[in-house]
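J.: What follows is a single structure, and I will ask about it in a moment.
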Ligand code: ADP
Ligand code: GN1
Ligand code: MG
(Lines give C-alpha, C1' and ligand atoms only; values in the text may rest on other atoms or scores of the structure.)
(Ligands and ions follow the chains in the order given, each with its own letter.)
Protein backbone atom coordinates (compact mmCIF):
# COMPACT_ATOMS: atom_id res chain seq x y z
CA UNK A 1 0.00 0.00 0.00
CA UNK A 2 1.32 3.40 -0.93
CA UNK A 3 1.63 6.44 1.36
CA UNK A 4 -0.64 9.44 1.00
CA UNK A 5 2.26 11.41 -0.51
CA UNK A 6 2.75 8.76 -3.17
CA UNK A 7 -0.97 8.85 -4.02
CA UNK A 8 -0.87 12.65 -4.14
CA UNK A 9 1.99 12.44 -6.60
CA UNK A 10 0.04 10.02 -8.81
CA UNK A 11 -3.05 12.25 -8.66
CA UNK A 12 -0.95 15.29 -9.58
CA UNK A 13 -0.14 13.59 -12.90
CA UNK A 14 -3.79 13.87 -13.96
CA UNK A 15 -5.63 16.92 -15.28
CA UNK A 16 -7.16 18.01 -11.97
CA UNK A 17 -6.10 20.42 -9.24
CA UNK A 18 -8.30 19.49 -6.30
CA UNK A 19 -7.05 19.51 -2.72
CA UNK A 20 -7.09 15.83 -1.84
CA UNK A 21 -7.86 14.99 1.79
CA UNK A 22 -7.96 11.18 1.70
CA UNK A 23 -7.32 8.17 -0.53
CA UNK A 24 -8.84 4.93 0.76
CA UNK A 25 -9.32 1.38 -0.59
CA UNK A 26 -12.80 0.82 -1.98
CA UNK A 27 -14.77 -2.20 -3.26
CA UNK A 28 -13.56 -5.81 -3.29
CA UNK A 29 -12.54 -6.98 -6.77
CA UNK A 30 -10.15 -9.84 -7.51
CA UNK A 31 -8.08 -8.06 -10.15
CA UNK A 32 -7.54 -4.28 -9.93
CA UNK A 33 -7.06 -2.08 -6.83
CA UNK A 34 -9.76 0.55 -6.39
CA UNK A 35 -9.38 3.68 -4.23
CA UNK A 36 -11.83 6.40 -3.29
CA UNK A 37 -10.41 9.92 -3.37
CA UNK A 38 -12.03 12.58 -1.19
CA UNK A 39 -11.33 16.27 -1.70
CA UNK A 40 -11.66 19.43 0.41
CA UNK A 41 -15.03 19.40 2.13
CA UNK A 42 -14.82 15.63 2.52
CA UNK A 43 -16.86 14.64 -0.52
CA UNK A 44 -15.68 11.72 -2.67
CA UNK A 45 -14.70 13.14 -6.04
CA UNK A 46 -12.67 10.48 -7.85
CA UNK A 47 -12.11 6.77 -8.18
CA UNK A 48 -8.41 6.00 -8.65
CA UNK A 49 -7.58 2.52 -9.93
CA UNK A 50 -4.35 0.65 -10.29
CA UNK A 51 -4.78 -1.43 -13.41
CA UNK A 52 -3.53 -4.98 -13.09
CA UNK A 53 -1.24 -4.93 -16.11
CA UNK A 54 -0.18 -8.55 -15.59
CA UNK A 55 -3.74 -9.45 -16.58
CA UNK A 56 -4.61 -6.49 -18.82
CA UNK A 57 -1.30 -6.46 -20.61
CA UNK A 58 -2.27 -3.93 -23.30
CA UNK A 59 -3.25 -0.90 -21.22
CA UNK A 60 -3.31 1.32 -24.29
CA UNK A 61 -5.94 -0.91 -25.91
CA UNK A 62 -7.83 -1.25 -22.64
CA UNK A 63 -8.24 2.48 -22.16
CA UNK A 64 -8.92 3.02 -25.86
CA UNK A 65 -11.81 0.52 -25.62
CA UNK A 66 -13.15 2.23 -22.51
CA UNK A 67 -13.00 5.68 -24.14
CA UNK A 68 -14.87 4.41 -27.21
CA UNK A 69 -17.51 2.71 -25.07
CA UNK A 70 -18.13 5.63 -22.71
CA UNK A 71 -18.28 8.14 -25.60
CA UNK A 72 -20.69 5.86 -27.47
CA UNK A 73 -22.98 5.49 -24.44
CA UNK A 74 -22.87 9.23 -23.78
CA UNK A 75 -24.02 9.88 -27.35
CA UNK A 76 -26.87 7.37 -27.01
CA UNK A 77 -28.01 8.97 -23.76
CA UNK A 78 -27.94 12.40 -25.41
CA UNK A 79 -30.01 11.08 -28.33
CA UNK A 80 -32.53 9.75 -25.83
CA UNK A 81 -32.55 13.19 -24.18
CA UNK A 82 -31.77 11.61 -20.81
CA UNK A 83 -31.27 13.90 -17.84
CA UNK A 84 -28.33 13.72 -15.45
CA UNK A 85 -26.06 12.06 -18.02
CA UNK A 86 -22.92 12.60 -15.93
CA UNK A 87 -24.23 10.06 -13.44
CA UNK A 88 -25.26 7.61 -16.18
CA UNK A 89 -21.89 7.00 -17.80
CA UNK A 90 -18.36 6.94 -16.40
CA UNK A 91 -16.15 9.98 -17.05
CA UNK A 92 -12.41 9.37 -17.18
CA UNK A 93 -9.92 12.17 -16.50
CA UNK A 94 -6.90 12.31 -18.82
CA UNK A 95 -3.38 12.48 -17.47
CA UNK A 96 -1.32 15.60 -18.16
CA UNK A 97 0.15 14.03 -21.30
CA UNK A 98 -3.37 13.46 -22.69
CA UNK A 99 -3.35 9.69 -22.22
CA UNK A 100 -6.14 8.12 -20.19
CA UNK A 101 -3.67 6.44 -17.84
CA UNK A 102 -0.48 7.31 -16.01
CA UNK A 103 2.46 4.91 -15.77
CA UNK A 104 4.64 5.57 -12.73
CA UNK A 105 7.47 3.31 -13.88
CA UNK A 106 5.93 0.30 -12.13
CA UNK A 107 2.15 0.55 -12.20
CA UNK A 108 -0.57 1.90 -14.45
CA UNK A 109 -3.19 4.21 -12.92
CA UNK A 110 -6.44 5.71 -14.16
CA UNK A 111 -8.80 8.23 -12.70
CA UNK A 112 -12.53 8.65 -13.14
CA UNK A 113 -15.18 10.80 -11.53
CA UNK A 114 -16.87 9.33 -8.49
CA UNK A 115 -20.57 9.16 -9.30
CA UNK A 116 -22.19 11.35 -6.65
CA UNK A 117 -24.98 9.92 -4.49
CA UNK A 118 -24.58 6.48 -5.97
CA UNK A 119 -24.17 3.05 -4.51
CA UNK A 120 -23.73 -0.54 -5.57
CA UNK A 121 -25.01 -3.68 -3.88
CA UNK A 122 -23.11 -6.84 -3.01
CA UNK A 123 -26.14 -9.06 -2.43
CA UNK A 124 -28.83 -9.73 -5.01
CA UNK A 125 -32.59 -9.61 -4.47
CA UNK A 126 -35.12 -10.45 -7.20
CA UNK A 127 -35.86 -6.73 -7.56
CA UNK A 128 -32.17 -5.87 -8.01
CA UNK A 129 -31.79 -8.80 -10.35
CA UNK A 130 -34.56 -7.47 -12.59
CA UNK A 131 -32.98 -4.02 -12.62
CA UNK A 132 -29.51 -5.42 -13.32
CA UNK A 133 -30.95 -7.51 -16.18
CA UNK A 134 -32.45 -4.39 -17.73
CA UNK A 135 -29.16 -2.51 -17.21
CA UNK A 136 -26.93 -5.12 -18.85
CA UNK A 137 -29.40 -5.72 -21.70
CA UNK A 138 -29.53 -1.97 -22.31
CA UNK A 139 -25.75 -1.75 -22.14
CA UNK A 140 -25.41 -4.43 -24.83
CA UNK A 141 -28.12 -2.83 -26.96
CA UNK A 142 -26.45 0.61 -26.80
CA UNK A 143 -23.18 -0.94 -27.96
CA UNK A 144 -24.73 -3.19 -30.61
CA UNK A 145 -23.92 -0.76 -33.44
CA UNK A 146 -20.21 -0.33 -32.68
CA UNK A 147 -18.57 -1.53 -35.91
CA UNK A 148 -16.77 -4.85 -35.80
CA UNK A 149 -13.06 -4.48 -35.15
CA UNK A 150 -13.40 -1.15 -33.28
CA UNK A 151 -12.84 -2.75 -29.88
CA UNK A 152 -9.97 -5.07 -29.10
CA UNK A 153 -10.02 -8.14 -26.85
CA UNK A 154 -8.48 -6.73 -23.67
CA UNK A 155 -7.87 -10.31 -22.55
CA UNK A 156 -7.58 -12.41 -25.70
CA UNK A 157 -10.05 -15.33 -25.74
CA UNK A 158 -11.40 -14.22 -22.37
CA UNK A 159 -14.69 -16.17 -22.54
CA UNK A 160 -13.62 -18.64 -25.22
CA UNK A 161 -14.37 -22.05 -23.74
CA UNK A 162 -12.11 -23.95 -26.10
CA UNK A 163 -9.22 -21.72 -25.07
CA UNK A 164 -9.99 -22.11 -21.34
CA UNK A 165 -10.02 -25.90 -21.77
CA UNK A 166 -6.68 -25.71 -23.55
CA UNK A 167 -5.24 -23.75 -20.62
CA UNK A 168 -6.67 -26.39 -18.28
CA UNK A 169 -5.04 -29.21 -20.25
CA UNK A 170 -1.73 -27.33 -20.36
CA UNK A 171 -1.90 -26.88 -16.58
CA UNK A 172 -2.55 -30.59 -16.11
CA UNK A 173 0.36 -31.50 -18.32
CA UNK A 174 2.77 -29.17 -16.49
CA UNK A 175 1.32 -29.97 -13.04
CA UNK A 176 3.50 -27.12 -11.75
CA UNK A 177 2.33 -27.28 -8.12
CA UNK A 178 2.04 -31.08 -8.01
CA UNK A 179 -1.68 -30.81 -7.22
CA UNK A 180 -3.30 -32.56 -10.21
CA UNK A 181 -3.42 -35.94 -8.45
CA UNK A 182 -5.58 -34.51 -5.64
CA UNK A 183 -8.38 -33.38 -7.92
CA UNK A 184 -8.97 -36.32 -10.24
CA UNK A 185 -12.73 -36.48 -9.66
CA UNK A 186 -13.24 -32.87 -10.60
CA UNK A 187 -10.95 -33.26 -13.63
CA UNK A 188 -13.11 -36.16 -14.76
CA UNK A 189 -16.32 -34.11 -14.36
CA UNK A 190 -14.79 -31.29 -16.41
CA UNK A 191 -13.61 -33.58 -19.19
CA UNK A 192 -17.00 -35.31 -19.38
CA UNK A 193 -18.72 -32.01 -20.20
CA UNK A 194 -16.01 -30.40 -22.33
CA UNK A 195 -17.40 -30.95 -25.83
CA UNK A 196 -20.94 -29.90 -24.93
CA UNK A 197 -19.66 -26.66 -23.46
CA UNK A 198 -18.16 -25.41 -26.72
CA UNK A 199 -21.47 -24.95 -28.58
CA UNK A 200 -20.95 -21.19 -29.07
CA UNK A 201 -17.61 -21.70 -30.79
CA UNK A 202 -19.16 -24.44 -32.98
CA UNK A 203 -22.13 -22.24 -33.93
CA UNK A 204 -19.80 -19.33 -34.70
CA UNK A 205 -17.73 -21.46 -37.06
CA UNK A 206 -20.96 -22.62 -38.72
CA UNK A 207 -21.91 -18.94 -39.25
CA UNK A 208 -24.99 -19.23 -37.00
CA UNK A 209 -23.85 -17.02 -34.14
CA UNK A 210 -22.23 -13.62 -34.40
CA UNK A 211 -19.95 -11.80 -32.02
CA UNK A 212 -21.32 -8.88 -30.04
CA UNK A 213 -19.91 -6.39 -27.59
CA UNK A 214 -20.35 -7.80 -24.11
CA UNK A 215 -19.60 -6.54 -20.63
CA UNK A 216 -18.15 -9.91 -19.51
CA UNK A 217 -18.27 -9.17 -15.76
CA UNK A 218 -21.99 -8.88 -15.06
CA UNK A 219 -21.98 -8.90 -11.28
CA UNK A 220 -24.58 -6.89 -9.43
CA UNK A 221 -21.83 -4.75 -7.86
CA UNK A 222 -20.94 -3.51 -11.33
CA UNK A 223 -24.25 -1.64 -11.54
CA UNK A 224 -24.56 1.74 -9.83
CA UNK A 225 -27.90 2.83 -8.36
CA UNK A 226 -29.18 6.22 -7.21
CA UNK A 227 -30.65 6.99 -3.80
CA UNK A 228 -34.14 5.91 -4.95
CA UNK A 229 -32.92 2.56 -6.20
CA UNK A 230 -32.96 3.44 -9.91
CA UNK A 231 -30.13 2.19 -12.09
CA UNK A 232 -27.62 4.87 -12.98
CA UNK A 233 -25.10 2.94 -15.05
CA UNK A 234 -22.97 -0.11 -15.61
CA UNK A 235 -19.34 0.24 -14.48
CA UNK A 236 -16.12 -1.86 -14.44
CA UNK A 237 -15.54 -1.70 -18.18
CA UNK A 238 -12.17 -3.49 -18.43
CA UNK A 239 -13.61 -6.62 -19.97
CA UNK A 240 -16.00 -4.95 -22.41
CA UNK A 241 -15.05 -6.64 -25.66
CA UNK A 242 -16.37 -8.64 -28.58
CA UNK A 243 -17.49 -12.15 -27.72
CA UNK A 244 -20.61 -14.28 -27.47
CA UNK A 245 -23.84 -12.93 -26.13
CA UNK A 246 -24.31 -15.58 -23.44
CA UNK A 247 -21.54 -14.04 -21.33
CA UNK A 248 -23.77 -11.31 -20.00
CA UNK A 249 -26.61 -13.46 -18.77
CA UNK A 250 -24.35 -16.34 -17.89
CA UNK A 251 -22.10 -14.50 -15.50
CA UNK A 252 -25.04 -12.90 -13.72
CA UNK A 253 -26.71 -16.29 -13.19
CA UNK A 254 -23.37 -17.59 -11.92
CA UNK A 255 -22.76 -14.74 -9.50
CA UNK A 256 -26.27 -13.53 -8.65
CA UNK A 257 -28.52 -16.58 -8.85
CA UNK A 258 -26.46 -18.60 -6.35
CA UNK A 259 -28.01 -19.25 -2.93
CA UNK A 260 -24.45 -19.61 -1.55
CA UNK A 261 -21.17 -17.80 -2.05
CA UNK A 262 -18.82 -18.18 -5.02
CA UNK A 263 -16.30 -19.80 -2.68
CA UNK A 264 -18.73 -21.36 -0.20
CA UNK A 265 -17.03 -23.93 2.00
CA UNK A 266 -20.41 -25.47 2.76
CA UNK A 267 -21.59 -26.90 -0.54
CA UNK A 268 -25.08 -27.44 0.89
CA UNK A 269 -25.52 -23.66 0.70
CA UNK A 270 -24.93 -23.63 -3.05
CA UNK A 271 -27.77 -23.98 -5.56
CA UNK A 272 -29.54 -21.95 -8.21
CA UNK A 273 -32.03 -19.35 -7.02
CA UNK A 274 -34.74 -19.64 -9.67
CA UNK A 275 -36.48 -16.45 -8.62
CA UNK A 276 -33.29 -14.47 -9.26
CA UNK A 277 -32.79 -16.19 -12.62
CA UNK A 278 -36.34 -15.41 -13.72
CA UNK A 279 -36.13 -11.80 -12.59
CA UNK A 280 -32.85 -11.27 -14.47
CA UNK A 281 -34.17 -12.96 -17.62
CA UNK A 282 -37.33 -10.78 -17.55
CA UNK A 283 -35.32 -7.59 -17.08
CA UNK A 284 -32.71 -8.56 -19.65
CA UNK A 285 -35.29 -9.47 -22.29
CA UNK A 286 -37.05 -6.11 -21.82
CA UNK A 287 -33.98 -4.28 -23.11
CA UNK A 288 -32.19 -6.97 -25.16
CA UNK A 289 -35.21 -7.82 -27.29
CA UNK A 290 -34.15 -5.11 -29.77
CA UNK A 291 -31.09 -7.07 -30.91
CA UNK A 292 -31.18 -10.65 -29.65
CA UNK A 293 -31.95 -13.55 -32.03
CA UNK A 294 -34.26 -16.53 -31.28
CA UNK A 295 -31.25 -18.87 -31.27
CA UNK A 296 -29.54 -16.69 -28.66
CA UNK A 297 -32.73 -16.52 -26.55
CA UNK A 298 -33.02 -20.30 -26.58
CA UNK A 299 -29.42 -20.55 -25.37
CA UNK A 300 -29.69 -18.11 -22.43
CA UNK A 301 -30.14 -20.83 -19.73
CA UNK A 302 -27.24 -22.72 -21.28
CA UNK A 303 -25.27 -19.47 -20.81
CA UNK A 304 -25.64 -19.84 -17.03
CA UNK A 305 -24.26 -23.37 -17.16
CA UNK A 306 -21.49 -22.36 -19.55
CA UNK A 307 -20.17 -19.46 -17.48
CA UNK A 308 -20.37 -21.54 -14.29
CA UNK A 309 -18.53 -24.40 -15.98
CA UNK A 310 -15.96 -21.94 -17.36
CA UNK A 311 -15.35 -20.49 -13.91
CA UNK A 312 -14.98 -24.01 -12.45
CA UNK A 313 -12.34 -24.68 -15.08
CA UNK A 314 -10.59 -21.34 -14.49
CA UNK A 315 -10.45 -21.71 -10.69
CA UNK A 316 -9.29 -25.31 -10.93
CA UNK A 317 -6.67 -24.41 -13.54
CA UNK A 318 -5.34 -21.71 -11.21
CA UNK A 319 -5.26 -24.17 -8.32
CA UNK A 320 -3.31 -26.66 -10.42
CA UNK A 321 -0.93 -23.90 -11.56
CA UNK A 322 -0.21 -22.98 -7.93
CA UNK A 323 -2.51 -19.91 -7.57
CA UNK A 324 -0.88 -17.56 -10.03
CA UNK A 325 -3.93 -15.61 -11.28
CA UNK A 326 -6.63 -15.01 -8.66
CA UNK A 327 -5.85 -13.37 -5.36
CA UNK A 328 -6.41 -16.05 -2.70
CA UNK A 329 -7.29 -15.46 0.94
CA UNK A 330 -6.51 -18.92 2.35
CA UNK A 331 -4.73 -22.13 1.40
CA UNK A 332 -6.85 -24.20 -0.98
CA UNK A 333 -9.05 -21.21 -1.80
CA UNK A 334 -9.05 -21.77 -5.55
CA UNK A 335 -10.03 -25.40 -5.04
CA UNK A 336 -12.88 -24.41 -2.74
CA UNK A 337 -13.99 -21.92 -5.36
CA UNK A 338 -13.86 -24.56 -8.08
CA UNK A 339 -15.84 -27.04 -5.96
CA UNK A 340 -18.48 -24.46 -5.11
CA UNK A 341 -18.82 -23.48 -8.77
CA UNK A 342 -19.14 -27.12 -9.76
CA UNK A 343 -21.91 -27.60 -7.19
CA UNK A 344 -23.74 -24.63 -8.72
CA UNK A 345 -23.27 -26.15 -12.17
CA UNK A 346 -24.90 -29.38 -11.01
CA UNK A 347 -27.84 -27.43 -9.63
CA UNK A 348 -28.17 -25.50 -12.91
CA UNK A 349 -28.12 -28.79 -14.80
CA UNK A 350 -30.92 -30.05 -12.55
CA UNK A 351 -33.04 -26.97 -13.35
CA UNK A 352 -32.23 -26.80 -17.09
CA UNK A 353 -35.71 -27.94 -18.21
CA UNK A 354 -37.48 -25.44 -15.97
CA UNK A 355 -35.22 -22.62 -17.17
CA UNK A 356 -35.70 -23.54 -20.84
CA UNK A 357 -39.46 -23.57 -20.51
CA UNK A 358 -39.37 -20.19 -18.79
CA UNK A 359 -37.63 -18.74 -21.87
CA UNK A 360 -40.39 -20.21 -24.05
CA UNK A 361 -42.53 -17.08 -23.72
CA UNK A 362 -40.03 -15.11 -25.82
CA UNK A 363 -39.76 -17.74 -28.53
P1 LIG B 1 -13.25 -3.99 -9.34
O2 LIG B 1 -12.41 -4.39 -10.50
O3 LIG B 1 -12.49 -3.91 -8.07
O4 LIG B 1 -14.54 -4.77 -9.25
P5 LIG B 1 -14.92 -1.61 -9.91
O6 LIG B 1 -14.62 -0.63 -11.00
O7 LIG B 1 -16.10 -2.48 -10.08
O8 LIG B 1 -13.59 -2.45 -9.63
O9 LIG B 1 -15.08 -0.78 -8.56
C10 LIG B 1 -15.32 -1.39 -7.30
C11 LIG B 1 -16.48 -0.70 -6.58
O12 LIG B 1 -16.20 0.70 -6.47
C13 LIG B 1 -17.82 -0.76 -7.33
O14 LIG B 1 -18.55 -1.91 -6.99
C15 LIG B 1 -18.51 0.52 -6.89
O16 LIG B 1 -19.21 0.33 -5.68
C17 LIG B 1 -17.37 1.49 -6.65
N18 LIG B 1 -17.15 2.38 -7.80
C19 LIG B 1 -16.41 2.13 -8.90
N20 LIG B 1 -16.43 3.17 -9.75
C21 LIG B 1 -17.18 4.11 -9.16
C22 LIG B 1 -17.57 5.45 -9.52
N23 LIG B 1 -17.15 6.00 -10.67
N24 LIG B 1 -18.35 6.13 -8.66
C25 LIG B 1 -18.76 5.60 -7.49
N26 LIG B 1 -18.43 4.35 -7.09
C27 LIG B 1 -17.66 3.62 -7.90
C1 GN1 C 1 -12.52 -11.74 -11.78
O2 GN1 C 1 -12.31 -8.69 -10.70
P3 GN1 C 1 -13.52 -9.52 -10.59
O4 GN1 C 1 -13.65 -10.19 -9.28
O5 GN1 C 1 -14.75 -8.74 -10.97
C6 GN1 C 1 -12.37 -12.21 -13.22
C7 GN1 C 1 -13.70 -12.72 -13.73
C8 GN1 C 1 -14.11 -13.89 -12.88
C9 GN1 C 1 -14.19 -13.43 -11.42
C10 GN1 C 1 -14.47 -14.60 -10.52
C11 GN1 C 1 -10.35 -10.10 -15.54
O12 GN1 C 1 -13.45 -10.67 -11.72
O13 GN1 C 1 -13.56 -13.15 -15.06
O14 GN1 C 1 -15.34 -14.35 -13.29
O15 GN1 C 1 -12.97 -12.82 -10.98
N16 GN1 C 1 -11.88 -11.13 -14.03
C17 GN1 C 1 -10.82 -11.31 -14.83
O18 GN1 C 1 -14.97 -14.11 -9.31
O19 GN1 C 1 -10.23 -12.39 -14.96
MG1 MG D 1 -16.39 -4.53 -10.15
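The values are calculated or read from the model by the stated rules, or taken from the named source; none is laboratory data. Note that this is a predicted model, so its numbers are computed, not measured. Quick reminder, even Gly has a Cβ in these numbers, built from the backbone with ideal geometry, and neighbours come from all protein chains shown.
J.: When you look at residue 151, is it outside any helix (DSSP H, G or I) and within 22 Å of the chain's Cα centre (by Cα), yes or no?
T.: It is true that residue 151 is outside any helix (DSSP H, G or I) and within 22 Å of the chain's Cα centre (by Cα).
J.: Looking only at the stretch 197-220, filter to residues that are more than 20 Å from residue 149 (Cβ to Cβ) and in contact (Cβ under 8 Å) with a residue 40 or more places away in the chain; which one of those is nearest to ligand 1 (Cβ to nearest atom)?
T.: 220
J.: Residues being part of a strand (DSSP E or B) and within 15 Å of ligand 2 (Cβ to nearest atom): count how many of those fall in the stretch 36-65.
T.: Result for the stretch 36-65: 4.
J.: Confirm whether residue 226 is in contact with a helix residue (DSSP H, G or I) (Cβ under 6 Å, 6 or more places away or on another chain) and within 30 Å of residue 100 (Cα to Cα).
T.: no
J.: Can I ask one more? Just name the residue that is modelled with the lowest pLDDT out of those in the stretch 32-52 that are within 16 Å of ligand 3 (Cβ to nearest atom) and surrounded by fewer than 17 Cβ atoms within 10 Å (Cβ to Cβ). Reasoning before the result, please.
T.: Quick first cut of the stretch 32-52, residues within 16 Å of ligand 3 (Cβ to nearest atom) only: 32-36, 47-52.
Remaining after also requiring surrounded by fewer than 17 Cβ atoms within 10 Å (Cβ to Cβ): 34, 36.
Details: 34: 94, 36: 97.
Here the residue is 34.
J.: Additional query: Quick check on the stretch 14-30: of everything there that is within 16 Å of ligand 3 (Cβ to nearest atom) and surrounded by fewer than 17 Cβ atoms within 10 Å (Cβ to Cβ), which residue is nearest to the chain's Cα centre (by Cα)?
T.: 30
J.: I'd like the full set of residues that are at pLDDT below 95 and more than 16 Å from ligand 2 (Cβ to nearest atom), limited to the stretch 212-251.
T.: 245 - this is the single residue of the stretch 212-251 that is at pLDDT below 95 and more than 16 Å from ligand 2 (Cβ to nearest atom).
J.: Checking residue 122 against (1) at pLDDT 95 or above; (2) within 22 Å of the chain's Cα centre (by Cα), which test does it fail?
T.: Evaluating residue 122 over (1) at pLDDT 95 or above; (2) within 22 Å of the chain's Cα centre (by Cα) leaves (1) as the failure.
J.: Do we find a residue being over 20 Å from residue 199 (Cα atoms) and more than 16 Å from ligand 1 (Cβ to nearest atom) anywhere in the stretch 302-314?
T.: The answer is no, given that none of the residues of the stretch 302-314 is over 20 Å from residue 199 (Cα atoms) and more than 16 Å from ligand 1 (Cβ to nearest atom).
J.: Which residue is nearest to ligand 2 (Cβ to nearest atom), if the candidates are limited to the stretch 20-35 and must be assigned to a loop (DSSP other than H, G, I, E, B) and touching a strand residue (DSSP E or B) at 6+ places or on another chain (Cβ under 6 Å)?
T.: The selected residue is 32.
J.: Select from the stretch 53-103 the residues that are within 16 Å of ligand 3 (Cβ to nearest atom) and modelled with pLDDT under 95 and list them in ascending order.
T.: Answer for the stretch 53-103, where residues must be within 16 Å of ligand 3 (Cβ to nearest atom) and modelled with pLDDT under 95: just 55.
J.: Another question about this same structure. Does the stretch 137-151 include one or more residues that are without any contact (Cβ under 8 Å) to a residue 40 or more places away in the chain and over 30 Å from residue 70 (Cβ atoms)?
T.: No: zero hits.
J.: So which of 223, 245 ends up being in contact with a strand residue (DSSP E or B) (Cβ under 7 Å, 6 or more places away or on another chain), under 27 Å from residue 355 (Cα atoms) and within 11 Å of ligand 1 (Cβ to nearest atom)?
T.: Matching residue, one of 223, 245: 223.
J.: Same structure, new question: Can you tell me which condition residue 112 does not meet? The list is (1) over 27 Å from residue 323 (Cα atoms); (2) buried (at least 18 other Cβ atoms within 10 Å of the Cβ); (3) in contact with a helix residue (DSSP H, G or I) (Cβ under 8 Å, 6 or more places away or on another chain), and all the others hold.
T.: The failed condition is (3).
J.: Does residue 48 qualify as being within 24 Å of residue 97 (Cα to Cα) and touching a residue at least 40 places away in the same chain (Cβ under 8 Å)?
T.: Yes.
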